[in-house]
Structures are given as C-alpha cells and as structure tokens.
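Down below is the structure, laid out as structure tokens.
Just so you know, all these numbers are worked out from the coordinates, no wet-lab data involved. Nothing here was measured: the structure is a model prediction, and the numbers come from that model. Glycine also receives a Cβ, built like all others from the backbone with ideal geometry; neighbour counts cover every protein chain displayed.
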C-alpha cells in the first residue's frame, strides 16, 4: 500500500508492506496532506513492515539518547552511513525501530505495541525523515506556535513553558482576523525566488491543527517571561542564532546541519526577528503585533 503526501510543497511516500494495515488510524493528522496520486519525485520513501528493522544495535556506533519529555530518541550511527533509531514513548516502550540512509531519502521502520504505540512511532518516524530529508531541499521544521493574519504567519519561539501557545492565544483573542496555522512544528521554506513561507504540517503538538496551507513568513518572535512588556529587534546575527536554536537539527550530522545552517542564514537575512520580554496579557499581544506587522 503506497501512500503519497505533500508538506510544504515537498512530496514523500509511505509504503506499507501490509495491505491490510489500518493506515487511517495510524496517520490521522497526515490526511489533510494526502495526495491521491502524483508524478513528483519524493524527498524520501519510508517503507514500513514487520521485521524490516529490529532493535539490535550491537553493530552500530552509539550517538546518544535524547529525551524531550514526550519521546525518547536513542540513536546509533551505521558504518555505511545513516542511522538506526529506537523511538520510545513516555512510558519507555519502544514504539518504532527506524533505519535511514545518509541523506534520509530511503528509510525503513517496524512498529511495535498497541495501535496507539504504533501511531506514535510512525508519526515521529515520518517527522524525523521529513525534517532531515527536507533539509536538503531548503525546508526546515521549527519548534514554534504560528498565528496568521492578512496572508502572513508569525513564528513565536521560546523554550518549553515560556508561553508560545499562550501568546498565540492572546493574538487570537485580541487581534482581529487572526487564525492559528500550527501550534508546535510548522515548516519553513526558503523558495528559489527568495521568498520565505511558513506552512502547516501534520505535527502540531497537543493542539489538533493540521492545515495544508502556506503563508508568507512575517516575522519571528522569541518570548521570555518577565514582569513587564518590552520588545526589541534582533540583529541578523542574533536572528540566525535564535532561528537555528528552534530548528530540528542533529549537530553531529554534517550533511544535514550544513544545509540547515545555509537555509537559516538565508531566512534570517530576509525576515525580521524580535525578542519579547512579556507578561501573559493583552498589552503584550498588542505590542508584539504592532512591531511585527510594521516591520
């Protein structure tokens, strides 16, 4: 069963070896991005089947274990290039064993556990494949919350718990004609004509918002909690560092990291970025809106 998808104008394929798999329940958030058919060349193909990938890692070089609270990635480098990853859920259950080649264009996965475990595993495997295959095509996944208004999307950044979603909600409540594009992992694309676009994706954290649309990137806003509201514009160097810190990266992987840095550099040169020290109130939303929209 071969399924085609398109996110941020980049096509990819998921090939289930089992024709009877319940793919609609495994990939519910991906269906706004489904393509009935396409002749486009995919940026990656993910083949999914029992026994394709096992959990044995004895022949590989350990890279490390990375835990963000919701998922644990355990990563090993293969001698011939590429990676083996074990994706564990919050309970420590391995939901997916995942193999990639060096540029993530060819990936394989096996899923384990309940339907819920398997859905968790494949969703994260697809997101990883997309992030690092997309890096070779000027596309980034970036951790941010994005309201959109008047044809532009504004990317709110910050460490977990700093209030990205709260500040986005304040825009939705207080800035007329504002809608949510994505609340966790939108895609950024630097187009060949030099325009920067932000796109909805199948990955929106705990907020179910899966919109297959794009907006011009209107600006970046890095949030910090404070007892006051104060905003300043970043220099281009500061903007580069701020944007890069929110992107999905593997700094030890030179191929993808160099590509991501080149794309971030182009984006930082074209899109304004700001730092906001703020309270969770209407005045903060009005302050950031006034600066972002006029920049």
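Structural remarks
- Degrees separating the helix 164-174 axis from the principal Cα axis of the chain, which is the longest one: 50
- For the chain, the longest principal axis of the Cα atoms and the long axis of helix 254-268 meet at an angle of about 20 degrees.
- Sequence-distant contacts, meaning Cα pairs under 8 Å at least 6 residues apart, place the relative contact order of segment 186-295 at 32 percent.
- Per-residue Cβ neighbour rank within 10 angstrom, fewest leading, 252, 76, 171: 252, 76, 171
- Under the criterion of Cα pairs below 8 Å and six or more residues apart, the relative contact order for the chain equals 15 percent.
- Summarising the strand pairing of segment 140-294, around 60 percent of its internal DSSP beta bridges are antiparallel.
- By DSSP, the beta bridges lying fully in the chain are antiparallel in about 70 percent of cases.
- Ordered by the count of other Cβ atoms within 10 Å of each Cβ, fewest first, 1, 127, 85 give 1, 127, 85.
- Highest mean packing first, where packing is the average number of other Cβ atoms within 10 Å per residue, the peptides 255-268, 140-153 line up as 140-153, 255-268.
- Pairwise centroid distance, computed over Cα atoms, of segment 247-295 with segment 89-151, Å: 22
- Using a cutoff of 8 angstrom between alpha carbon atoms and counting only pairs six or more residues apart, the relative contact order for segment 7-93 works out to 23 percent.
- Note on 132, 44: ascending count of other Cβ atoms within 10 Å places them as 44, 132, the fewest first.
- Principal-axis tilt of helix 115-134 within the chain, Cα atoms, nearest 10 degrees: 70
- By the helix-only formula, in which each DSSP H run with n ≥ 4 contributes -39500 (n - 2.57) and the sum is divided by residues, the chain has a 222 nm mean residue ellipticity of -8000 deg cm²/dmol.
- Highest average packing first - 276-286, 102-112, 19-29, Cβ atoms within 10 Å: 102-112, 276-286, 19-29
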